Amino acid sequence: MTHNGARDKLPPDLRPSQAETAVKPGDPREVIVDEAANWPADLIPVGAYGHSGVRNWQIGSVAESVTKHARCSVEVVRKQRTVTPDLQDM
């Protein structure tokens, strides 16, 4: 899916009125922060899967790095967790 395809899946009332997107090579932790500074961006939305512990340490966290180094606001959006019926009442 292209970045425009993802935007088009949002309900019309949630689509940004003005947004720019780009696809750049490199380490996403650095590229996202650098591109946001060059635009200059008001907000960086970044997705997160919520990994923690050793796995997070091993692969690094793009969301955490962007949050620490960006000059503008960062909104971290987590993937919605699904609850199995067996665990719903816990």
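No lab work stands behind these numbers, since they all come straight from the coordinates. Source: prediction; values computed, not measured. Don't worry about glycine lacking a Cβ; one is built from the backbone with ideal geometry, like all the others, and counts go over all protein chains shown.
Neighbours of V33, meaning other residues whose beta-carbon lies under 15 angstrom from its beta-carbon, give a summed charge of -3 when Lys and Arg score +1 and Asp and Glu score -1.
For a Förster distance of 30 Å, can you work out the FRET efficiency between the beta-carbons of K9 and V31, rounded to the nearest 0.05? All intermediate terms of the calculation are to be shown ahead of the outcome.
On the way: r = 24 Å, r/R0 = 0.79.
With a Förster radius of 30 Å, E is 0.80.
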